[in-house]
Amino acid sequence: MKICGHRLLIVEDEPLLRITMADALRNEGWAVDVAEDGVKGAALFEQHQHDLVLSDLVMPRLGGVELLKRIKALSPDTTVVIITAHGTVDRAVEAMREGAADFIAKPFSMAQLVVRLSNVCSVRILREQNVRLQAQLEQRHSFSNIIGKSQVMQEVFELIRLVGDSDASVIVHGESGTGKEMVASAIHFNSARRAKPYVRVSCASLPESLIESELFGYEKGAFTGASERRIGRFEAASGGTLFLDEIGELPLTFQVKLLRVLQERQIERLGSNRPIDVDARIVSASVRSLEEEIRQGRFREDLYFRVNTVAIDLPPLRERREDIPLLAEAFLREFAADRRRELEGFSDEAIDRFEMYPWPGNVRELRNVIERAVLFCRGRIVTVDELPPNIRGGATAAVVGETPPVMPMHDAVERAEADAIRAALAATQGRRADAAELLGISRKTLWEKIKHLEISVD
């Protein structure tokens, strides 16, 4: 069996039962120690810190409950199962309150014993796995994984630290690809709500007709096709954090309902008039300027003030160029490990191209570029030859000593955006949905940029 570990302690004052259990469990693969009373059992446990203890309830000198207390004081995570006789079940229940994992009543067969121990050990394994997974999640989403040595990013880190343990509503502003969702998850996993759900909603991808049912849920029969009750995202996030990505894309008609929910902290599922209390911290994000959206009449000012207790502005990558080599190296390590490649780094020329490029897709675009470079790299150093044409294109002039043309930053960014969109459309044979996904932006944003930049899609 060996499900809980390698070492088991049996504490039982009946010699025949003690020997029979020990033999049966050794046959299941356990390293078994035995003791004939609680005092000797406590002494053995102090020596070996067993993974599981199987103890009789009523014994001379030191009973099972007292032994349990000593074990838990030394090792709270040790699994203890109590053996009880007829008439002592109440005391066995008391032992459960003191931390026993289970109890088994006499008489029992060895097959029954093996099954019961297997069950309690399976529960322990699941608990340990959950603890490990939670730790991995916290590590993965720690703000320490948001890379940057620039002053602007240090200010972002400080804001995440300050708001982490509060319940203040936070809105994250930034261009597409700057890492808004990473900041949102870092806020959650560095807060007191970290053990509760983190639920993400992409407001831009929800059809208007489904927004209310997705966020608030619905009752069976609320509409055609509602064959069963379904809880919404607000209810699923209760106790934790609800991340409303691209909140500026919500229609005005729904903004009124969202404001009411945030004020009253109650939702009503579609098809029901019964209010349900929800306790979800709200973190929002927007690629648009919500102040401008308010001026244009597309976003409610009262809702803006409700979600904007604290604002975090993520700078575009072109405004923190000193972070580009750090990010590139981190992505290189990630993708090289994934593909079991031994790569040493980038050529100086490749780094120069990274630092000169305006990165209209920001960190997301850089990450995609590095993934592609790792895929195409044939040596141990990534050179300009492994970079996409729109990035290595400027290398020719630099190599021959020509001075590249200088233009205003705004024009340079728009030119780079246009080049990136044309390349994405070409790579996807003009399929805009696929091009938007490739660029890491919504279809709506892609279409707006196509119109603004006057890009031909014929």
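Restricted to helices (runs of 4 or more DSSP H) entirely inside segment 376-458, those with at least 1 residues that are under 16 Å from Arg364 (Cα atoms) and modelled with pLDDT under 80 are 409-427, 432-439.
Output the residues belonging to segment 299-338 that are of a type in the set (Ser, Thr, Tyr) and surrounded by 15 or more Cβ atoms within 10 Å (Cβ to Cβ).
First, the residues of segment 299-338 that are of a type in the set (Ser, Thr, Tyr): 304, 309.
The one that is of a type in the set (Ser, Thr, Tyr) and surrounded by 15 or more Cβ atoms within 10 Å (Cβ to Cβ): Tyr304.
If the requirement is being over 19 Å from Met182 (Cα atoms) and free of Cβ contacts under 8 Å to residues at least 60 places away in the same chain, which of these qualifies: Leu387, Leu366?
On the way: Leu366 fails: over 19 Å from Met182 (Cα atoms).
Exactly one of Leu387, Leu366 is over 19 Å from Met182 (Cα atoms) and free of Cβ contacts under 8 Å to residues at least 60 places away in the same chain, namely Leu387.
Every listed requirement among (1) in contact with a strand residue (DSSP E or B) (Cβ under 7 Å, 6 or more places away or on another chain); (2) at pLDDT below 95 is met by Val283 save one, (2). Scanning segment 41-73 for residues that are farther than 19 Å from Gly99 by Cα, part of a helix (DSSP H, G or I) and touching a residue at least 24 places away in the same chain (Cβ under 8 Å) yields Leu44, His48. Has segment 189-201 got any residue that is in contact with a helix residue (DSSP H, G or I) (Cβ under 9 Å, 6 or more places away or on another chain), part of a helix (DSSP H, G or I) and surrounded by fewer than 21 Cβ atoms within 10 Å (Cβ to Cβ)? No; the residues of segment 189-201 include none that is in contact with a helix residue (DSSP H, G or I) (Cβ under 9 Å, 6 or more places away or on another chain), part of a helix (DSSP H, G or I) and surrounded by fewer than 21 Cβ atoms within 10 Å (Cβ to Cβ). Name the single residue, out of those in segment 227-241 being in a loop (DSSP other than H, G, I, E, B) and in contact with an Asp or Glu (Cβ under 7 Å, 6 or more places away or on another chain), that is modelled with the lowest pLDDT. Checking each candidate, the answer is Arg229. When Arg91, Arg132, Arg70, Arg124 are checked against the criterion of being over 30 Å from Arg194 (Cα atoms), at pLDDT below 85 and among the basic types (Lys, Arg), Arg91 stands alone in meeting it.
The values are calculated or read from the model by the stated rules, or taken from the named source; none is laboratory data. In this text, all values refer to a predicted model and were calculated from it rather than measured experimentally. Cβ sites come from the backbone with ideal geometry, for glycine too, and all protein chains shown count toward neighbours.
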